[in-house]
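Let me begin by presenting the structure, written as structure tokens, before commenting on it.
The values are calculated or read from the model by the stated rules, or taken from the named source; none is laboratory data. As the structure is a prediction and not an experimental result, all values here were calculated from the model. Every residue, glycine as well, gets a Cβ built from its backbone with ideal geometry; the counts of neighbours run over all protein chains shown. The protein model used for the area step is the full one, side chains on, heavy atoms only, and it has no ligands, DNA or RNA in it. Shrake-Rupley method; radii C 1.70, N 1.55, O 1.52, S 1.80 Å.
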Amino acid sequence: MDPNQPVGENYANPRTCFFHVLFKAASLAFYILSALFIDNFVIIFVVTVLLAALDFWVVKNVSGRILVGLRWWNEINDLGESVWKFECLDHESLSRMNKKDSWLFWWTLYLTAIAWIFLAIFSLIRLQADYLLVVGVCLTLSIANIVGFTKCKKDAKKQIQQFASQTIATRFSSTLQSAFSVV
């Protein structure tokens, strides 16, 4: 690896990676730094939750698709039941996904939730129920993406396994048919 090579060139989608991390870092940094510089809870709540909501939207609708090839959403069916929906790229496209992009996606997803958990514990220790509310909203958005993308990844693996099994079965049966039709 060339030491003069910029780090961003290792990522297939550096802009997407930047925005994937930007809103996570911005919401955490604003929440932590606002306690030092801002004495207005409403401003802290609104700006922090807005940044966390932007992060949720970017991860769910942009970086999840581009960095790991996954997309999820939740619908309410006619019976009023919650139904998870998943999309993923085909097996060939998934295998070509950039490993560094994928690594960044998953690690930042989990590390952000862990950071919010630590901030929640800190708010509990300091008996700050109002700040616990801010952290709770941000943690909920973060965990929603973790759950959605984890379920989507499992669904994608299941689809790939079914496709592989079906392909093997089809090839095996066509091989058998051709073997018996020659005789």
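Here segment 45-59 is the region considered, the condition is being in contact (Cβ under 8 Å) with a residue 40 or more places away in the chain and in contact with a Phe, Trp or Tyr (Cβ under 7 Å, 6 or more places away or on another chain), and the residue that is most open to solvent (accessible area, probe 1.4 Å) is 55. Taking the criterion of being among the aliphatic types (A, V, I, L, M) and in contact with a helix residue (DSSP H, G or I) (Cβ under 9 Å, 6 or more places away or on another chain), the residues of segment 60-76 that qualify are 62, 66, 67, 68, 70. Of everything listed in (1) in contact with a strand residue (DSSP E or B) (Cβ under 8 Å, 6 or more places away or on another chain); (2) buried (at least 19 other Cβ atoms within 10 Å of the Cβ), the single unmet condition for residue 77 is (2).
Residue-wise test of (1) among the polar types (S, T, N, Q); (2) in contact with a helix residue (DSSP H, G or I) (Cβ under 6 Å, 6 or more places away or on another chain); (3) at pLDDT 80 or above.
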position	(1), (2), (3)
58	no, yes, yes
91	no, yes, no
103	no, no, yes
106	no, no, yes
112	yes, yes, yes
118	no, no, yes
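Scanning segment 133-145 for residues that are modelled with pLDDT of 90 or more and surrounded by fewer than 18 Cβ atoms within 10 Å (Cβ to Cβ) yields 133, 136, 137, 140, 143. Of the residues that make up segment 65-74, is at least one surrounded by fewer than 16 Cβ atoms within 10 Å (Cβ to Cβ), on the phi < 0 side of the Ramachandran plot and not in a helix (DSSP H, G or I)? For segment 65-74, residues surrounded by fewer than 16 Cβ atoms within 10 Å (Cβ to Cβ), on the phi < 0 side of the Ramachandran plot and not in a helix (DSSP H, G or I): present. Residues considered: 55, 78, 39, 101. Of these, the only one that is more than 19 Å from residue 142 (Cβ to Cβ), in a helix (DSSP H, G or I) and charged (D, E, K, R) is 101.
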